[in-house]
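Undergrad: Pasting a structure here, questions to come.
The values are calculated or read from the model by the stated rules, or taken from the named source; none is laboratory data. Treat the numbers as computed from the prediction; the structure is a model and nothing was measured. Here the Cβ is made from the backbone with ideal geometry for all residues, glycine too, and neighbour counts use every protein chain on show. Calculation scope for accessible area: heavy atoms of the full protein, side chains included, ligands and nucleic acids excluded. Shrake-Rupley method; radii C 1.70, N 1.55, O 1.52, S 1.80 Å.
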Amino acid sequence: MQLPIPVDQLKQILISDGLIEPERFDALAAEASRKNQNLIEVLISEKVAESSYLRNLIAHALGVERADFGAIPLDKDVVKTLPEDIARSRQVILFHKEEDGTYDVAMTDPSDLATREFLEERLKAKVKPFLATAEDLNQGFSVYGYELGQDFKKLIVDNVKASLLDHGKDAKEAAAELPIIAIVDNVLSYALASRASDIHIEILEEATYIRYRIDGILYEVMSIPKEIHPAIVARLKLLAGLKLDEHFAPQDGRFHYAVGAQSIDVRVSVMPTFYGEKVEMRLLESSSKPLSLEELGFSAEDTKRVADNLKRSYGMIISCGPTGSGKTTTLYTLMNMLNRPEVNVTTIEDPIEYNMRYVNQTQINPQAGITFASGLRALLRQDPNIIMVGEIRDAETADISVQAALTGHLLLSSLHTNDAPTAVPRFFDLNVPPFLVSSVLNMIIAQRLVRRVCQTCIYSYDADEGVAKTIKDQLARIEGEEAAARVEIPKVLYRGKGCSECGGTGYRGRLGIYEVMEIDEKLKELITSPDFSLEALRIQAASSGMTTMFEDGLRKVELAQTTLEEVLRVIRE
């Protein structure tokens, strides 16, 4: 959310409401400026006030209403009254037309008189401003994306056919005449509007297929004539600074892409396959907001445990889970919490996913001799206080990481394990002695990402005894009889019916489910015991207060944040 009122005005309101002391507000404002972050997001992440309160406060100060697309649904015809490029560049969405012809317009800055005058001149009508967040606007932009998806394939196919018929040219010549730059821009724009995290462009025998990963699930969006595949790949290579004449070796690069005020970094991977080159693009926000642990999905108890461990000056905090489970996001959130002027934060990553201000980030480069192990050795000579190692993959990196954590550094890293307790024997496999594992580990966080229930089409239903028994049986197979006996299945469950806002899936967005294992004295004793048992470690961790991922998922099911099916799906991974 942007800040459309003066900082001093916001400060006085929050102080008069008794929410913050002047000194703390000034400190948070200075921190937001130093890290180049939005002050509103910092206030939310620091629990000064809730997002809803701050939105109401700003709306009241500006004398406008909040844009609530639940109370006043988006009128798609009204949205499309304004072209998408103008809506994005001006950061506005027309969402309703009143009886007197006035357009209701959602804006991140309703005080922007120039934009309001521009809209009235273009529409030849009055406009009524409403305060909106970036998330509100994205909901409106998705209307344009939906229309683009409907027409996109037809547009390309028809152009190829027309070129073939009119000029008698072969498919390659016809493809060469297509506006490839516009096609690639449309693929990226539609992905942004669809909230995709990845784009896959795959050539097979009969056609090229484009798939988007949305909320962790791959969807086939369209198929296009394979004749234009080489031109699309060449355009993406050019953007990413890759070799255009290399077709038989993998290549990696990245580029920046902007649509209006929304900008992303695109990480590109090109891989040769049997029929041609496959392109995978990861879409990363150029400047991600400072998410708090609560926004990631941590419970209040786990948030306190993590925050307490971040105050320690040495040791290791490990994030665990399979690829795509949100480990990197968690590590970046922890680094953001630790990023203060009085400490030196350094990282060694593969790849650098987000640029963090005042954090010294290093990309591994094996060709230049920079691996996790060699890079970490070099970082230790840079006088760091806090180190983040993207992943501990081998015994050498594990050994250097442990030694660094033992000698006065707080070290954050990740491991590929299914749950928190399994991280302990994983260190044993990497040749770290048990006594060092028990000495160096402060906390292990295991996680998965579940899809959120779409709040536009959510509905509840009663869980009968058959459903409860089925869930208990599945949980017993996944986590054991004791875990199944310990949990209670919620009596009321939730699903999404499927609507235009969620693309008919019933889900929109994602959040994490976690288990946080704090290494206390009893767990240290078990780790160093000659009779070490992973099952005994799990039982003791539960006794010490660890909530399993499934139990955390059930909490979120009860809170109508996700579905039971979704929790079971990711736990099985």
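Undergrad: What cysteines in the chain have no other cysteine with a beta carbon less than 4.7 Å from their beta carbon?
TA: Result for the chain is Cys320, no neighbouring Cys Cβ within the cutoff.
Undergrad: Further question: Can you match semi-axes √(5λ) of the Cα gyration tensor in Å to one of these, (i) 35, 30, 27; (ii) 47, 37, 22; (iii) 41, 32, 26, based on a calculation from the structure here?
TA: Working out semi-axes √(5λ) of the Cα gyration tensor in Å from the coordinates points to (iii).
Undergrad: Let me ask you something else. Taking R0 as 41 Å, what FRET efficiency do you get between Asp68 and Arg34 from their Cβ-Cβ distance, rounded to the nearest 0.05?
TA: 0.75
Undergrad: Where does the charge balance sit around Ile370 when Lys and Arg score +1, Asp and Glu -1, over other residues with C-beta under 12 Å from its C-beta?
TA: After counting each charged neighbour, the total is -1.
Undergrad: For the chain, what does the relative contact order come out to in percent, with C-alpha contacts under 8 Å and a separation of six or more?
TA: Reported relative contact order: 10 percent.
Undergrad: Work out the FRET efficiency for Ala368 and Ser263 from their Cβ-Cβ distance, taking R0 = 35 Å, and round it to the nearest 0.05.
TA: E between Ala368 and Ser263, to the nearest 0.05, is 0.75.
Undergrad: For a Förster distance of 30 Å, can you work out the FRET efficiency between the beta-carbons of Val343 and Gln9, rounded to the nearest 0.05?
TA: Efficiency for this residue pair is about 0.40.
Undergrad: Related question: For the charge dipole of the chain, defined by +1 on Lys and Arg C-beta atoms and -1 on Asp and Glu C-beta atoms about the Cα centroid, which residue among Leu296, Gly506, Ser374 has the Cα displaced farthest towards the positive pole?
TA: Of Leu296, Gly506, Ser374, it is Ser374.
Undergrad: Run a plain Debye calculation on region 289-446 (Cα atoms as equal point scatterers, no solvent) and give log10 I(q)/I(0) at q = 0.12, 0.14 Å⁻¹, rounded to two decimals, same order as the q list.
TA: Result of the Debye calculation: -0.46, -0.64.
Undergrad: Give me Rg over Rh for region 1-118, both radii from the alpha carbons and Rh done the Kirkwood way, two decimal places.
TA: 1.03
Undergrad: Here's something else I'd like to know. Given points 7 Å out from each Cα along the Cα-Cβ axis, report the Val487 to Leu204 separation in nanometres with one decimal.
TA: 3.5
Undergrad: I would also like to ask the following. Kindly provide the Kirkwood hydrodynamic radius of region 335-418 in Å, to one decimal, from all pairs of distinct alpha carbon atoms.
TA: Across region 335-418, the inverse of the average 1/r is 12.9 Å.
Undergrad: Restricting to the chain, compute how many DSSP beta bridges are antiparallel as a %, nearest 5.
TA: That works out to approximately 65 percent antiparallel.
Undergrad: Which distance in nm do the two modelled labels at Arg377 and Lys47 give, with both placed 7 Å along the Cα-to-Cβ direction?
TA: Distance between the two pseudo-spin positions: 4.3 nm.
Undergrad: Something else: Quick one: check the C-alpha center-to-center distance for region 396-413 versus region 301-355, whole angstrom.
TA: Centre-to-centre distance over Cα atoms comes out at 14 Å.
Undergrad: How much accessible surface does Arg211 have with a 1.4 Å probe, in Å² rounded to 10?
TA: Answer for Arg211: close to 70 Å² accessible.
Undergrad: What GluC sites (Glu not before Pro) in region 184-277 are in a loop by DSSP, with at most 11 other Cβ atoms within 10 Å of the Cβ?
TA: Glu205, Glu206
Undergrad: Leu218: net charge of surrounding residues, Cβ under 12 Å, Lys/Arg +1, Asp/Glu -1, itself excluded?
TA: -3
Undergrad: More than 26 Å apart: what percent of Cα pairs in region 204-357 qualify?
TA: Percentage above 26 Å: 42.
Undergrad: With loop defined by DSSP as not H, G, I, E or B, and exposure as at most 12 other Cβ atoms within 10 Å, which is the longest segment of the chain clear of exposed chymotrypsin sites (Phe, Trp or Tyr not before Pro)?
TA: Between the exposed loop sites, the longest stretch runs 275-573.
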